[in-house]
1. For the range 59-76, which positions are over 16 Å from VAL37 (Cβ atoms) and either open to solvent by less than 20 Å² (accessible area, probe 1.4 Å) or not in a helix (DSSP H, G or I) (or both)?
2. For the range 38-58: of the residues being without any contact (Cβ under 8 Å) to a residue 40 or more places away in the chain and in contact with a strand residue (DSSP E or B) (Cβ under 8 Å, 6 or more places away or on another chain), which is most open to solvent (accessible area, probe 1.4 Å)?
3. If I filter the range 16-55 down to residues being among the polar types (S, T, N, Q) and more than 21 Å from ALA69 (Cβ to Cβ), which single residue comes out as nearest to the chain's Cα centre (by Cα)?
4. Evaluate the following for ASP98: is it closer than 25 Å to LEU26 by Cα, surrounded by 13 or more Cβ atoms within 10 Å (Cβ to Cβ), at pLDDT below 80 and of a type outside the set (Val, Ile, Thr)?
5. Within the set of pairs 6+ apart or on separate chains, which have a first residue in the range 9-37 that is on the phi > 0 side of the Ramachandran plot and in contact (Cβ under 8 Å) with a residue 40 or more places away in the chain, a second that is of a type in the set (A, V, I, L, M) and in a loop (DSSP other than H, G, I, E, B), and C-beta atoms under 8 Å apart?
6. All but one of (1) farther than 16 Å from ARG79 by Cβ; (2) in contact with a His (Cβ under 6 Å, 6 or more places away or on another chain) hold for ALA27; which doesn't?
Amino acid sequence: FGLAMRLGGTVVCLPRFDFAQYVAALARYRASFAVVVPPVALGLAQHPLVAEHDLSALRYIVSSAAPLAPSLAESMEKRLGARVVQGDLARAARESVDQHGVEPPRCQRCVVGDAGDQRRGRGVGERVVRQPAVGQVRREG
């Protein structure tokens, strides 16, 4: 998300996930890039609602959080005309915070010590980043 904002792109966040609203937002904002999880990928590949919207602006779709079956990626590419790749959104969110200091909306981060105690600042311990769209990711540090 941080990279998209730094490059002047538009980042669209929905208050909660609803497949119909998601597909409508992709069409309304003429999204060229989307990050999805495999269940959403399945919907994009097979749900009849997708045919009701113009998603021709989509160029790249990154699937993350779990492995995406090659046959599902191929179905999405055929239906949407977008390149589908396997990615790691959790790593991308963490790197956005670590490298750019740009936190996605409602992002929280902290350092947790060996005893599980939360520490302020950048102390020694495990860095934890939590964001509703990603879940919780951890990184040793």
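1. Within the range 59-76, just ARG59 meets the criteria.
2. Filtering the range 38-58 down to residues without any contact (Cβ under 8 Å) to a residue 40 or more places away in the chain leaves 38-40, 42-58.
Checking which are in contact with a strand residue (DSSP E or B) (Cβ under 8 Å, 6 or more places away or on another chain) leaves us with 38, 44, 58.
Working: PRO38: 25, LEU44: 1, LEU58: 2 Å².
Per the stated criteria, the residue is PRO38.
3. Applying the first criterion (among the polar types (S, T, N, Q)) to the range 16-55 yields 21, 32, 46.
Next cut, more than 21 Å from ALA69 (Cβ to Cβ) only: 21, 32.
Numbers: GLN21: 16, SER32: 14 Å.
Checking each candidate, the answer is SER32.
4. On the way: closer than 25 Å to LEU26 by Cα: no; surrounded by 13 or more Cβ atoms within 10 Å (Cβ to Cβ): yes; at pLDDT below 80: yes; of a type outside the set (Val, Ile, Thr): yes.
In short, no.
5. Filtered contacts from the range 9-37: no entries.
6. Answer for ALA27: the failing condition is (1).
The values are calculated or read from the model by the stated rules, or taken from the named source; none is laboratory data. Note that the structure is predicted; figures quoted are calculated from it, not measured. Here Cβ is always computed from backbone atoms with ideal geometry, including for glycine, and neighbour counts include all displayed protein chains. Only protein heavy atoms, including side chains, enter the accessible area calculation; ligands, DNA and RNA are left aside. Shrake-Rupley method; radii C 1.70, N 1.55, O 1.52, S 1.80 Å.
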